[in-house]
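Trainee: Provided herewith is a single structure, encoded as C-alpha cells, for subsequent inquiry.
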Amino acid sequence: MSQLVYDIRNSRYINLTGRCTLRCQFCPKHNGSTEVHQYQLKLDKQPTAEEIIPLLGTVTDFDEIVFCGYGEPTLNLAPLLAIARHVKAQGGNTRINTDGLGNLFHRRNILPELGECIDSLSISLNAQDQATYERHCQPKLKGSYDAVREFIRLAPSYIDSVSVSAIDGLEGVDIAACQRICDDAGVEFKHRHLDVVG
Ligand code: SF4
C-alpha cells in the first residue's frame, strides 16, 4: 500500500507523483528502493487533490506541508496548486522540493502560479556545469541544465524563500562552484550529503 502523505520531523510530506524527467543515479528509486524514511512511496497512478486534501489533517499542526515524494511534484501541477491553495486558506505553510524543470516541462513560466500559494522552494541544482549534471541526473529533456539555472534565477522574484542544493560527495561535483552560482542568483545554498534523502 503506497503512502500518499507521510511525516518527517514536524512536517507533512505529500507524495504527489512517481514521474520525473531525470534519472538521478542517487535517486532511491533507481537503486532498487521503493522507500524513503521507511515509507512505501511507489505510486500506481498520480493522486488527485480530492484524494490528498482529506489526508492533510490540521495543516497548522505542522511546520510545513511539503510537496516531495518519489518523483517531481511540478509534473502533477493542477493537483499541486489546488492542494497548496487549500493549505494556504487554512493558514499553513507550503514548500516544494523540486528539480527546477517545471518551466521546461510545461513550456511556460509556472512561477507566477506557484507564487500565489507556495512559501518556499527547495531546488536541486546538483552540479556546477552541464556535463556533470548530465552524468549524474541523466535528463530526458534537452536543455535541462540551462532550464534549472534559469529557474533558479527567476524564482526569487516570485517566491519568498528559495534555497538551492547540491550533494557533497558526488564525483565531479564542485560544491564551491555551486555556492557561487547561488550567490550570483541571490539564493541560499545548502549542501547535502550523499545517502541522506528527504
Ligand atoms: S529529481 Fe528526484 S525523483 Fe527525479 S530522479 Fe532525481 S532524485 Fe529521483
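Trainee: When the gyration tensor of segment 54-102 is built from Cα positions, what are the square roots of 5 times its three eigenvalues, in whole Å, from largest to smallest?
Mentor: Gyration-tensor ellipsoid for segment 54-102: 19, 11, 9 Å.
Trainee: Could you compute the net charge surrounding Y133? Neighbours are other residues with a C-beta less than 14 Å from the C-beta of Y133; K and R count +1, D and E count -1.
Mentor: Computed value for this residue: -2.
Trainee: What does the charge count near N10 come to, summing +1 for each Lys or Arg and -1 for each Asp or Glu among other residues with Cβ under 14 Å from its Cβ?
Mentor: Counting the neighbours of N10, the net charge comes to -1.
Trainee: Continuing with the same structure: By the gyration tensor of its Cα atoms, with a ≥ b ≥ c the square roots of the eigenvalues, what is the shape of segment 59-198: rounded for a/c under 1.5, prolate for a/b over b/c, or oblate?
Mentor: Here segment 59-198 falls in the prolate category.
Trainee: Something else now. Below 12 Å, Cα to Cα, which aspartates and glutamates can K142 reach? Residues fewer than 8 away in the same chain don't count.
Mentor: In chain and number order, the partners are E134.
Trainee: Whole-Hz ³J(HN,Hα) for each residue in segment 157-173, computed from phi via Karplus 6.51 cos²θ - 1.76 cosθ + 1.60 with θ = phi - 60°, x for glycine and proline: what do you get?
Mentor: Those phi angles translate into 6, 10, 10, 4, 10, 10, 10, 10, 10, 9, 9, 6, x, 7, 4, x, 7 Hz.
Trainee: Return the lysines within reach of K45: Cα separation strictly under 25 angstrom, same-chain partners fewer than 8 residues apart disregarded; answer none if there are no such residues.
Mentor: Cross-link targets: K29, K140.
Trainee: Let me ask something additional. What fraction of the DSSP beta bridges in the chain is antiparallel, stated in percent and rounded to the nearest 5?
Mentor: 20
Trainee: Only helical DSSP H runs with n ≥ 4 go in: add -39500 (n - 2.57) per run for the chain, normalise by residue count and round the 222 nm mean residue ellipticity to 500 deg cm²/dmol.
Mentor: Theoretical 222 nm ellipticity from helices: -8000 deg cm²/dmol.
Trainee: Next question, about the same structure. Which loop-located trypsin sites (Lys or Arg not before Pro) does segment 63-162 contain, where loop means any DSSP state but H, G, I, E or B and the Cβ has at most 12 other Cβ atoms within 10 Å?
Mentor: Here the sparse-neighbourhood loop sites are R107, R108, K140, K142.
Trainee: Let me ask something else. Any aspartates and glutamates with Cα under 12 Å of the K190 Cα? List them, leaving off those in the same chain fewer than 8 positions away.
Mentor: Partners found: D168.
Trainee: Add +1 for every Lys or Arg and -1 for every Asp or Glu among the other residues with Cβ under 15 Å from the Cβ of L101, and state the total.
Mentor: +3
Any read-out appearing in this document is the output of simple, stated calculations on the displayed coordinates, not a laboratory observation. Computed from a predicted structure; not experimentally measured. In this analysis, Cβ positions are derived from the backbone assuming ideal geometry, glycine residues included, and neighbour counts consider all displayed protein chains.
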